[in-house]
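Data block below; observations after.
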Amino acid sequence: MTRVSVQGLGKAYKIYRHPWHRLREWIGGPSAHADHWALRDVSFEVRDGEAVGVIGLNGAGKSTLLKILAGTTVPTAGRAAVAGRVGALLELGIGMHPEFSGWQNATLACQLMGFDGAVIRRCLPQIEAFAELGAHMDQPVRTYSTGMQVRLAFSAATAVRPEVLIVDEALAVGDIYFQHKSISRIRAYLEQGTTLLFVTHDLAALKALCTRAVLLDNGRVARDGPSSMVFDYYNALIARKEQTAQIAQTADAGGYTSTRSGSKEAEILSVDLCDAAGVSRRVFQAGAAVTLRYRLRINRPMSTPTVGLIIRDRVGSDVFGTNTFHLGLVPQPCAAGDELIASFDLPLNLGPGHYSVSAAVHPGRVHLEGNLDWWDRALLFEVVPNHTPFCIGVAALPVRASVTKSEPAVP
């Protein structure tokens, strides 16, 4: 079943150079505005039970899209349809009256979602218990901190499991404890069949919740697909923001998508992973000593660029990353045409599973300061169990255990 359908959606805002131009146009004068299209020709569908992240740079149109889906603004072109009851947590403060108490605002939120009196009376204690606001529920919302407002808004929006849950940024301003609590509730609702549309700049949260992502760029859909592929492209898009770097995505024979971006003023020619004997391999026992080796070419004179790595697990979560800047390597002059070998020696203290290596070359501390070459999923490898006792997770840490009897307490 399709829960969310967006077809040719567009939203234009009128921009006036002077406030009087708005009045002149309103009373029948000549048009005096320019259209700014926040969204243009956006189309996608979300199936029942899907968890979809909506990402993009600031101004890409993410919040406008969710406002249209939540029914708080109307499109200029196209259509958007949502089937089922919607729970929406949009911009902080939307739908809350600052002079109303927490109880009154919670009641109002339930009424706006169409609940009758009996359901509201049952929900109010649950909202207060989840928000953990205590006596503050009797106070006007204008006295609340931003974190307290988020607690109340999220608790009210999710008091009853919605068929479609729309969350836009707001959780980012809450405290870590409540963020974890909220994510746990969202996970539980997903397991029960709720459809999720989630906007945030916290890619770790998106990776944890969403199997699919839609990337908006300048109001249009730039990518729509598996989360890991779209996140890699988004990462390259951020690095390109102030550069002329190109972004390319290719799929290998196994169906894995690799993203490549950068100015290519310095270029990664190859990436290899070798065992302690220098033999190139792709399967290693947990804890094995390995060398990650890059071959690079310098295409214009520069100091030795920073070379970095990120190891990610099979769902794209970052496991470990570092670079030569943070490891204290001193830059040396390089001429155009020089080829370099960069090596990282490390133990693979990873739990059994499949992993990828993303490679980067850039000046300075991080690749956002100037992306020369960024290669996501440059290499895939597998870690298998070794002789040590069974463990789970992405880390294989050396552990020694002991169990002793404690001495009886002295009376």
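The values are calculated or read from the model by the stated rules, or taken from the named source; none is laboratory data. None of these values were measured; they are calculated from a predicted model. A quick note on method: Cβ atoms are made from the backbone with ideal geometry, for glycine too, and the neighbour counts reach across all protein chains shown.
If I ask for residues that are among the aromatic types (Phe, Trp, Tyr) and either assigned to a strand (DSSP E or B) or in the same structural domain as Arg295 (by TED's automatic domain parsing) (or both), which ones from the stretch 367-394 would you list?
First, pick out the residues of the stretch 367-394 that are among the aromatic types (Phe, Trp, Tyr): 374-375, 381, 390.
Selection gives Trp374, Trp375, Phe381.
When the residues of the stretch 92-119 are filtered to those that are of a type in the set (Phe, Trp, Tyr) and either more than 25 Å from Gln179 (Cβ to Cβ) or outside the structural domain of Thr72 (by TED's automatic domain parsing) (or both), the one that is surrounded by the fewest Cβ atoms within 10 Å (Cβ to Cβ) is Phe100. Within the set Arg151, Arg122, the sole residue that is surrounded by 20 or more Cβ atoms within 10 Å (Cβ to Cβ), charged (D, E, K, R) and either in the same structural domain as Tyr189 (by TED's automatic domain parsing) or touching a helix residue (DSSP H, G or I) at 6+ places or on another chain (Cβ under 6 Å) (or both) turns out to be Arg151.
To keep it simple, each residue is scored yes or no on (1) modelled with pLDDT of 95 or more; (2) in a strand (DSSP E or B); (3) in contact with a Phe, Trp or Tyr (Cβ under 7 Å, 6 or more places away or on another chain).
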| site | (1), (2), (3) |
| --- | --- |
| Arg312 | no, yes, yes |
| Gly321 | no, yes, no |
| His326 | no, no, no |
| Pro331 | no, no, no |
| Phe344 | yes, yes, no |
| Tyr355 | no, yes, yes |
| Ala360 | no, yes, yes |
| Arg365 | no, no, yes |
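Of all the numbered requirements in (1) in a helix (DSSP H, G or I); (2) modelled with pLDDT of 90 or more; (3) surrounded by 16 or more Cβ atoms within 10 Å (Cβ to Cβ); (4) of a type outside the set (S, T, N, Q), Leu206 misses one, and that requirement is (2).
Considering only residues that are assigned to a loop (DSSP other than H, G, I, E, B) and among the polar types (S, T, N, Q), look in the stretch 58-83 and name the one that is farthest from Val199 (Cα to Cα).
Selected residue: Thr76.
In a residue-by-residue description of the stretch 130-141, the property of being modelled with pLDDT of 90 or more and within 22 Å of Arg85 (Cβ to Cβ) applies to at least one position.
Checked against the criterion of being within 30 Å of Arg281 (Cα to Cα) and touching a Lys or Arg at 6+ places or on another chain (Cβ under 7 Å), the candidates Asn371, Asn386 yield just one match: Asn371.
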